[in-house]
1. Could you tell me which residue of the range B:74-103 is surrounded by the most Cβ atoms within 10 Å (Cβ to Cβ), considering only residues that are within 14 Å of chain A (Cβ to nearest Cβ) and at pLDDT below 80?
2. Which of the numbered conditions does A:L49 fail, given that it passes all the others? Conditions: (1) surrounded by 14 or more Cβ atoms within 10 Å (Cβ to Cβ); (2) farther than 30 Å from B:H181 by Cβ; (3) among the hydrophobic types (A, V, I, L, M, F, W, C).
3. Let me confirm something: among A:V4, A:V45, which residue is among the β-branched types (V, I, T) and more than 10 Å from chain B (Cβ to nearest Cβ)?
4. So, A:L25, is that one in a helix (DSSP H, G or I) and more than 14 Å from every other protein chain (Cβ to nearest Cβ) or not?
5. Here are the criteria: (1) among the small types (G, A, S); (2) more than 10 Å from chain A (Cβ to nearest Cβ); (3) surrounded by 21 or more Cβ atoms within 10 Å (Cβ to Cβ). Tell me which single one B:S71 does not satisfy.
6. Quick one: B:I25 ticks every box in (1) without any contact (Cβ under 8 Å) to a residue 24 or more places away in the chain; (2) closer than 29 Å to A:K51 by Cα; (3) at the interface with chain A (Cβ under 9 Å from one of its Cβ atoms); (4) buried (at least 16 other Cβ atoms within 10 Å of the Cβ) except a single one, so which number is it?
7. Can you pull out every residue in the range B:145-170 that is touching a residue at least 60 places away in the same chain (Cβ under 8 Å), part of a helix (DSSP H, G or I) and crowded, with 20+ Cβ neighbours inside 10 Å?
8. Looking at the range B:155-188, which of the residues that are of a type in the set (G, A, S) and in contact with a Leu (Cβ under 8 Å, 6 or more places away or on another chain) is farthest from the other protein chains (Cβ to nearest Cβ)?
Amino acid sequence: MKEVTDEILNKLIDNELSSSEIDELHQLIKKDEKLLSKTKAHQMVDNVLKKLEIEHAPQNTTDLIMEKITQSVLEKEKKNGLFKFIISTFAVSMLLVVGFILFSKPDGEGVSKSFFNAAKEKLAESFTNFSLPISYDLLLIITSALTIIVLISGYFIFEEHKSFKQKLDSIL
Amino acid sequence: MKNLTEEEILKSVIKGNHGDFALLIDMYKDRAFTLLKKMLKNEMDAEEALQDSFMKVFNSLSNFKGDAKFSTWFYKIVYNTALTIISSKKRKIVMEMSSVDDHFDLGDEDNKIYSLAENHNEYIMEIVDRLPVRNALVIILFYIDGLSLNEISNVLGVSIVNAKVLLHRSRNALRKLVLKHNYQEVLL
């Protein structure tokens, strides 16, 4: 060690010097008062910095942040809920319309065809024309399956709403 | 009050128990506030940044993969939030983000601080408050939060060597001022 640089003093503080290097440094310090002062000052800085204190955040910080979080969660859920509601309403109404057309009883003979009977025939016709190898029975099965899917989705939406309420309670 | 570890709190919040986030706030709010106050040099801004930081942490908690320590990830968010506030306040960011090089001079302010300080502790603490942002930040992260140089380099987005240089230069600058006022003589 020819010269004691700033880097060596920092290494001394960070315990990165070997014992032989520390001994060598002590020998140099003994001979050089200026170096002694420099080392003392460096150690003083380190000692004071180790005593740096944490400043306390204002007391209501946690409450304020949790309030903001509650609001943001509510807004998010509101948006999601609205979207789900629109989609579900649309799906249910579509199913109701299709179901009503397909399952409604035809009017008696001699009676002119109602609008729904006409629509029903049209619908069946369009299925046979476009699709297809879909029979009337198959169509019924598909419609029933869709109805079950919508009912299951409804159940999940309900469950999600319940868990959201629980989350909300945990925040509040 | 629940007695959960940091990891348990994180898992719980990610699972949907948002109320447990309050435990995380209580765990980190003081340390983050200290950091922000040193960076923004203003209590009001620090409070605002503190709230913003925790909101960001809450909203992006699901993105925390656990590759790094939570504290490193958290301080990175706090640091970036403070930078955003500094730039939004249209402060001269270049000045704010400058760092101590070989020469750090407070001019007349130093004499004022020296005359008002009752002892070397008070003097050094006051000077730390006046260090450029990055230098003050490195000191806080190293001495108060106990982060390693590797973690500090992750928070600041610099190399480990640069983080080390920042820490050493901060100490050197403080040492020069201590020597200037002969405070080292206090030590036996």
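1. B:V100
2. (2)
3. Of the residues listed, the single one that is among the β-branched types (V, I, T) and more than 10 Å from chain B (Cβ to nearest Cβ) is A:V4.
4. yes
5. Unmet for B:S71, out of (1) among the small types (G, A, S); (2) more than 10 Å from chain A (Cβ to nearest Cβ); (3) surrounded by 21 or more Cβ atoms within 10 Å (Cβ to Cβ): (3).
6. Here B:I25 clears every test but (1).
7. Within the range B:145-170, B:E151, B:V155, B:L166, B:R169, B:S170 qualify.
8. Initially, the range B:155-188 is screened for residues of a type in the set (G, A, S), giving B:157, B:159, B:163, B:170, B:173.
When the remaining residues are screened for being in contact with a Leu (Cβ under 8 Å, 6 or more places away or on another chain), the result is B:163, B:170, B:173.
Numbers: B:A163: 13, B:S170: 9, B:A173: 9 Å.
The extreme case among them is B:A163.
The values are calculated or read from the model by the stated rules, or taken from the named source; none is laboratory data. Quick caveat: nothing in here was measured; it's all calculated off a predicted structure. Methodologically, a virtual Cβ is constructed for each residue, glycine included, from the backbone with ideal geometry; neighbour enumeration extends over all protein chains shown.
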